[in-house]
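The values are calculated or read from the model by the stated rules, or taken from the named source; none is laboratory data. Everything numeric in this text was worked out from a predicted model, so none of it was measured. All Cβ positions, glycine included, derive from the backbone under ideal geometry; neighbour counts span all protein chains shown.
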Number of protein chains: 2
Amino acid sequence: MIPSAAPSAIHRVFNFSAGPAVLPEDVLLEARENLLSLGKSGIGILEISHRSKEFEAILAEAEANLRTLLGIPKDMVVLFLQGGASLQFSMVPMNLLCPGDTADYVVTGEWGKRAVVEAKRIEQAQIHIAASSENEAFRRVPTDGELQLSARPAYVHYTTNNTIFGTQFHRVPDVGSRPLVADMSSDFLSRPVDIGRFSVVYAGAQKNAGPAGVTMVLLRPEVLRLSAVQAERLPMLLNYRTHIEHKSLYNTPPVFAIYITHLVLRWLVRNGGLPAMAQHNQTKADLIYRAIDAAPGFYRGHAQPDSRSQMNITFRLPTPALEDEFAKQAKVQGLDGLKGHRSVGGLRASVYNAFPLAGAETLCQFMAEFARQHG
Amino acid sequence: MIPSAAPSAIHRVFNFSAGPAVLPEDVLLEARENLLSLGKSGIGILEISHRSKEFEAILAEAEANLRTLLGIPKDMVVLFLQGGASLQFSMVPMNLLCPGDTADYVVTGEWGKRAVVEAKRIEQAQIHIAASSENEAFRRVPTDGELQLSARPAYVHYTTNNTIFGTQFHRVPDVGSRPLVADMSSDFLSRPVDIGRFSVVYAGAQKNAGPAGVTMVLLRPEVLRLSAVQAERLPMLLNYRTHIEHKSLYNTPPVFAIYITHLVLRWLVRNGGLPAMAQHNQTKADLIYRAIDAAPGFYRGHAQPDSRSQMNITFRLPTPALEDEFAKQAKVQGLDGLKGHRSVGGLRASVYNAFPLAGAETLCQFMAEFARQHG
């Protein structure tokens, strides 16, 4: 169902980068066609006004497809912003916390930690760590039973998938009636999600959804608790209400990044939507985890099996020298971007939606051969 | 010296859009070649890691060319950020003002007004309007003699070119030893500038320098006056020091927008640099202003002659109905994007660096003909 053969004649490697990451080749080919002239407009997509009817149509279709794919409820707004998830780490607490409020954070990796750092900058708000797997080297995500939630937090924040450590929530945590906020950057659009259970969802596009430079935010305006006094001090650009009122066009949006995301959303619709992606992603991840488990004395998966990510597969070899050798030899064979995050080392295979099955198969063959030679 | 003929066979119109705006066709063609594979990497420019050596080389060359073109002094840092000039409206006061400080603002249009609105959000700081041409419908920029500067402001802020009203400073205002901050978004790289006279310069790329989605900031770290207490409350992403320390790579940068800007900077270097651009831009602007002045009863330039912008040429016709007719007929003839900003109406011809001379000539012929028919 998901195209695996390259439709173009251009030499392309298997790109395991954690993000920016591989995009569907169909999308790149279509973008290429429109770089000097968007359709018959005579104006390239990089040059077209964000107030043009052509771009308005792109933005509207992107939102409509996103709503269809995820089943976004009518009372949630969809925004296309700049600044990445990193800016959302600040915008969420700035817009959702009043003086005296508490927010709960579930910390399962580096990005969750950074979200906490930014939330703690808010004056007169309490940030409560509802769970953290840091003392277990972030090898797993907590169970619902382990969550120590506040009675009435303004929201509960968690990270659905942890790119660096290779763990993922395989359920939406049960937080009762508390508003739920999720950083979905690295598994957004990779599987169906019960989006109705969330109050805010945000995601940088550069994993499954598009290129770096645009961030999608889905939110229910009812959770915005910013007082008039707070709003007076908050930069217009950091106030969600500004972007809601102006439909993501308060200032010049990142036109091209939105355009590519729009093409990716169309590609998703054409290719069976999120159920098809979930199956495709599971097939690839299962293959690679099986290759890890097939040589247990040689490969060591970082994540505990029940928390394994289908997006980022992290593993170690017996020595850092062997890990370097692995990445080097893999690159020669057209398997690129396998080095782990610079903060933790090891190896990491990121296999987002657009990553082809053939790439996972080739990696598995390489892993078996490498273990045979060096094990 | 500036290529004016279209090197590609693709139908392109003359795009007078105020931004996002026309880009050099050479740049678009090169980007097109690298969309599926950056050089021989086998990874497209939209998919490549921001930590890759390929992207590091792009970022380094972009900075080096920017330094050469503008003659940026060594003690100024160069940053590539997200959020547009609109986010800089906030970041400048957030990073340059301490409690009790005063900042002077010269207001010559809508963007200067918005900069003031954001600066006034800073607690315990005074914002002093050193000059405003609002009661003259922003038809001109003030003389140095009209500036009522504070004795010791933290900085003096002004907008070098006003896209909406079509006015431009043809000098760097004399502010003595006061630190000078400029929003150069709409004439950045259009002419040589004595950059040594500035403490902070910022510019959204989407006029002369690249596509929407990246903002360049040049600054002297000595003007950063943020106290430790203030820094504790400021989002990491809004603190210039974060971006200085991480060399614009604190979080995922807008890779593709930076890449295109890098190609534009190379194109500028190849085509004679800023002196050549200044000459090219003056030639185009002179032609169009001459066409306005040639039919004084029919066309009325908005800007006073001594404040006329070489980037955005604004003019009115006897009635709004005639203005609509003008824009409509012009579009049919391949002259696109001539409607004025939705807030002021009228007509506007934006003729940035990459706008070809032939487009200005074609517009002038059209203007003469239209005036003959309807005058």
- Item | Residue count for the stretch B:63-80, restricted to those that are of a type in the set (A, V, I, L, M), farther than 15 Å from residue B:220 by Cα and more than 18 Å from the chain's Cα centre (by Cα) | 1
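Would you say residue A:323 is touching a strand residue (DSSP E or B) at 6+ places or on another chain (Cβ under 9 Å) and acidic (Asp, Glu)? Give the steps one after another, and end with the answer.
Values: touching a strand residue (DSSP E or B) at 6+ places or on another chain (Cβ under 9 Å): yes; acidic (Asp, Glu): yes.
For residue A:323, the condition - touching a strand residue (DSSP E or B) at 6+ places or on another chain (Cβ under 9 Å) and acidic (Asp, Glu) - is met.
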- Message: I need a count of the residues in the stretch A:300-330 that are under 28 Å from residue A:188 (Cα atoms) and not in a helix (DSSP H, G or I).
- Response: 14
- Task: Count, please, the residues in the stretch B:344-360 that happen to be surrounded by fewer than 17 Cβ atoms within 10 Å (Cβ to Cβ) and part of a helix (DSSP H, G or I).
- Result: 2
- Message: Let me spell it out: the conditions are (1) more than 15 Å from residue B:208 (Cα to Cα); (2) modelled with pLDDT under 95; (3) more than 7 Å from every other protein chain (Cβ to nearest Cβ), and residue B:2 meets all of them except one. Which number is the exception?
- Response: (1)
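Please verify whether residue B:199 is touching a Cys at 6+ places or on another chain (Cβ under 9 Å), surrounded by fewer than 24 Cβ atoms within 10 Å (Cβ to Cβ), hydroxyl-bearing (Ser, Thr, Tyr) and assigned by TED's automatic domain parsing to the domain that holds residue B:143, treating the condition exactly as stated. Quick ask: steps written out before the conclusion?
Numbers: touching a Cys at 6+ places or on another chain (Cβ under 9 Å): no; surrounded by fewer than 24 Cβ atoms within 10 Å (Cβ to Cβ): yes; hydroxyl-bearing (Ser, Thr, Tyr): yes; assigned by TED's automatic domain parsing to the domain that holds residue B:143: yes.
So residue B:199 does not fit the description; no.
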- Message: Can you go through A:31, A:57, A:85 and tell me which one is away from chain B (no Cβ under 11 Å) and not in a loop (DSSP other than H, G, I, E, B)?
- Response: A:57
- Item | Residue in the stretch A:8-28 that is surrounded by the most Cβ atoms within 10 Å (Cβ to Cβ), counting only those that are touching a helix residue (DSSP H, G or I) at 6+ places or on another chain (Cβ under 8 Å) and assigned to a helix (DSSP H, G or I) | A:27
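Take residue B:102 and decide whether it is closer than 30 Å to residue B:194 by Cβ, without any contact (Cβ under 8 Å) to a residue 60 or more places away in the chain, among the β-branched types (Val, Ile, Thr) and surrounded by fewer than 23 Cβ atoms within 10 Å (Cβ to Cβ).
Working: closer than 30 Å to residue B:194 by Cβ: yes; without any contact (Cβ under 8 Å) to a residue 60 or more places away in the chain: yes; among the β-branched types (Val, Ile, Thr): yes; surrounded by fewer than 23 Cβ atoms within 10 Å (Cβ to Cβ): yes.
It is true that residue B:102 is closer than 30 Å to residue B:194 by Cβ, without any contact (Cβ under 8 Å) to a residue 60 or more places away in the chain, among the β-branched types (Val, Ile, Thr) and surrounded by fewer than 23 Cβ atoms within 10 Å (Cβ to Cβ).
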- Quick check, is residue B:80 crowded, with 23+ Cβ neighbours inside 10 Å, among the aromatic types (Phe, Trp, Tyr) and within 21 Å of residue B:259 (Cβ to Cβ)? yes
- Task: Of the numbered conditions (1) surrounded by fewer than 16 Cβ atoms within 10 Å (Cβ to Cβ); (2) more than 11 Å from chain B (Cβ to nearest Cβ); (3) free of Cβ contacts under 8 Å to residues at least 40 places away in the same chain, residue A:221 fails exactly one; give the number of that condition.
- Result: (3)
- Among (1) farther than 30 Å from residue B:347 by Cβ; (2) within 12 Å of another protein chain (Cβ to nearest Cβ), residue B:181 falls short only on (2)
- Query: Do the conditions hold for residue B:284, that is, is it without any contact (Cβ under 8 Å) to a residue 60 or more places away in the chain, of a type outside the set (Ser, Thr, Tyr) and assigned to a helix (DSSP H, G or I)?
  - Reply: no
- Message: Being crowded, with 22+ Cβ neighbours inside 10 Å, under 22 Å from residue A:63 (Cα atoms) and modelled with pLDDT of 95 or more is true for just one of A:250, A:240. Which residue is that?
- Response: A:240
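With respect to residue A:97, is the statement that it is more than 26 Å from residue A:300 (Cα to Cα) and buried (at least 24 other Cβ atoms within 10 Å of the Cβ) true? So that I can check it myself, show each step before the final result.
Values: more than 26 Å from residue A:300 (Cα to Cα): yes; buried (at least 24 other Cβ atoms within 10 Å of the Cβ): yes.
When the stated conditions are applied, residue A:97 passes them.
Residue-wise test of (1) under 28 Å from residue B:195 (Cα atoms); (2) away from chain A (no Cβ under 13 Å); (3) without any contact (Cβ under 8 Å) to a residue 12 or more places away in the chain.
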{"position": "B:11", "(1), (2), (3)": "no, no, yes"}
{"position": "B:40", "(1), (2), (3)": "no, no, yes"}
{"position": "B:65", "(1), (2), (3)": "yes, yes, no"}
{"position": "B:92", "(1), (2), (3)": "yes, no, no"}
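Quick check: is even one residue across the stretch A:242-253 within 14 Å of chain B (Cβ to nearest Cβ), assigned to a helix (DSSP H, G or I) and closer than 25 Å to residue B:115 by Cβ? Quick ask: steps written out before the conclusion?
Initial filter on the stretch A:242-253 (within 14 Å of chain B (Cβ to nearest Cβ)): A:242-243, A:246, A:248-253.
So of that shortlist, the ones also assigned to a helix (DSSP H, G or I) come out as A:242-243.
When the remaining residues are screened for being closer than 25 Å to residue B:115 by Cβ, the result is A:242-243.
Yes; the residues of the stretch A:242-253 include at least one that is within 14 Å of chain B (Cβ to nearest Cβ), assigned to a helix (DSSP H, G or I) and closer than 25 Å to residue B:115 by Cβ.
Restricting to the stretch B:34-54, what's the tally of residues that are in a helix (DSSP H, G or I) and either farther than 20 Å from residue A:354 by Cβ or modelled with pLDDT under 95 (or both)?
Just the residues of the stretch B:34-54 that are in a helix (DSSP H, G or I), to begin with: B:53-54.
Next cut, either farther than 20 Å from residue A:354 by Cβ or modelled with pLDDT under 95 (or both) only: B:53.
Looking only at that region, the number is 1.
Mind listing whichever residues of the stretch A:44-61 are hydrophobic (A, V, I, L, M, F, W, C) and farther than 25 Å from residue B:207 by Cα?
Within the stretch A:44-61, the first condition is being hydrophobic (A, V, I, L, M, F, W, C), and the residues that meet it are A:45-46, A:48, A:55, A:57-60.
Scanning the stretch A:44-61 gives no hits.
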- Query: Does the stretch B:112-128 contain at least one residue that is within 24 Å of the chain's Cα centre (by Cα), in contact (Cβ under 8 Å) with a residue 40 or more places away in the chain and under 30 Å from residue A:85 (Cα atoms)?
  - Reply: yes
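Name the strands (runs of 3 or more DSSP E) wholly inside the stretch A:105-187 in which the number of residues that are surrounded by fewer than 17 Cβ atoms within 10 Å (Cβ to Cβ) and modelled with pLDDT of 95 or more is 3 or more. Spell out the reasoning first.
Details: elements: A:126-132, A:155-159, A:180-183.
Answer list for the stretch A:105-187: A:126-132.
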- Starting from residues that are under 21 Å from residue A:18 (Cβ atoms) and among the hydrophobic types (A, V, I, L, M, F, W, C), keep the ones in the stretch A:118-165 and report whichever is nearest to the other protein chains (Cβ to nearest Cβ). A:164
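Before we move on, is residue A:268 buried (at least 19 other Cβ atoms within 10 Å of the Cβ), more than 13 Å from chain B (Cβ to nearest Cβ) and touching a residue at least 60 places away in the same chain (Cβ under 8 Å)? Even if it seems obvious, please write down each step before you answer.
Numbers: buried (at least 19 other Cβ atoms within 10 Å of the Cβ): yes; more than 13 Å from chain B (Cβ to nearest Cβ): yes; touching a residue at least 60 places away in the same chain (Cβ under 8 Å): yes.
Yes.
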